[in-house]
Structure formats: structure tokens, C-alpha cells
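Accompanying notes for the structure given below.
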Amino acid sequence: MKIQESAENYLETILILQQRNGQVRSIDIANEMNFSKPSISYAMKQLRENGYIQMDEQGYITLTDRGMEIAECIYERHKLLTGFLIALGVDEETAKEDACRIEHAISHKSFEKIKAHAESVIKDKAAK
């Protein structure tokens, strides 16, 4: 399922904010991403119309199953790639920024190979 990078970033941000705060409103997303409220309102309208989020009458945003699937995929990529880059010696800030760019462009096949490699390295270290 391929959607625009910006939509993936919004969905990932909603997931992170839900995990951190429990509830998410448009203003929370605007503050987290340093975007204007009108920009977020437009993006949320697009995500809602495409079936990625739901918004209740109080303005609280939740991910649909479809939105959650994408958000979890992108967030998993972000965390693993950030950790992998840090393990290679990249400083944390650069690793986070680079992981954010890579997570949207990398193929599923390549990501799965990196993930398998990272997991095998972790297993090897734990066995020692």
C-alpha cells in the first residue's frame, strides 16, 4: 500500500502522539510537526476522506485499521533504521533525520533484509 510520504509522516506522528498522550487532536499534530493549524486541518481532511483516520465530534483523532497498519510500518522502520545507524557510529540526531528520509524510500524487501540482519546481530551479542 503506497501513499505519499507526507501522509505517512502524519500517520506516524498520530501513532507516536497516541502512544505518548493517549489522545490526539489536530493542534497536537501541528505542535509536534511545527506546521500551521490550517495545514494540519487540510491534511486531516484528506486522511479522513481516504479512510486513514477518524475524527470524533470533540476533534479527537484515531487511526483506522488501514491508517494504523501504515503508521506501525513506518514507525517500525524509523526505530530500526535509527538504531542501526547509531550502531554504525552515526550520531543520534543525524541518525533520526536520515532514518526519517530512508523509511519512506526503502523497499519492503530491502527493509526486511536489514531487519533480519539487525536481529541476527542482536541474537549473536546476546549469546556471547
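Read-outs throughout are calculated quantities, based only on the coordinates presented, and are distinct from any laboratory measurement. Keep in mind that what you see is a predicted model, and the values were worked out from it rather than measured. Ideal geometry is used to build each Cβ from the backbone, glycine not excepted, and the neighbour counts take in all protein chains shown.
Observations
- The chain: relative contact order as a whole-number percent, Cα under 8 Å and 6+ apart: 21
- Residues Tyr52, Tyr75 arranged by fewest to most Cβ contacts within 10 Å: Tyr75, Tyr52
- Centroid-to-centroid separation of the stretch 87-128 and the stretch 1-27 [C-alpha atoms, Å]: 22
- Rg/Rh ratio calculated on Cα atoms of the stretch 1-101 (Kirkwood radius): 1.00
- Dipole of the chain, positive direction: furthest Cα of Ile16, Leu47, Cys100, with charges on the beta-carbon: Cys100
- Sequence-ordered 3J(HN,Hα) estimates for the stretch 67-73 from the Karplus curve with 6.51, -1.76 and 1.60 and θ = phi - 60° stand at x, 5, 4, 5, 4, 5, 5 Hz, glycine and proline given as x.
- Burial ordering of Val121, Val24, Val90, fewest other beta-carbon atoms within 10 Å first: Val121, Val90, Val24
- Non-local lysine pairs in the chain, meaning eight or more places apart or on different chains, with alpha-carbon distances under 27 Å, amount to 29.
- For the stretch 87-96, 3J(HN,Hα) computed residue by residue from phi via the Karplus equation (6.51, -1.76, 1.60; θ = phi - 60°) reads 4, 7, x, 7, 5, 4, 5, 5, 4, 5 Hz, glycine and proline entered as x.
- With contributions of -39500 (n - 2.57) from each DSSP H run of at least four residues, the per-residue ellipticity at 222 nm computed over the chain stands at -24500 deg cm²/dmol.
- Least to most buried among Glu69, Glu112, Glu93 (fewest other Cβ within 10 Å first): Glu93, Glu112, Glu69
- Derived value for the stretch 70-127: Kirkwood hydrodynamic radius 11.6 Å. Basis is the mean of 1/r over every pair of different alpha-carbon atoms.
- Taking every alpha-carbon pair under 8 Å whose residues sit at least 6 apart, the stretch 70-127 reaches a relative contact order of 34 percent.
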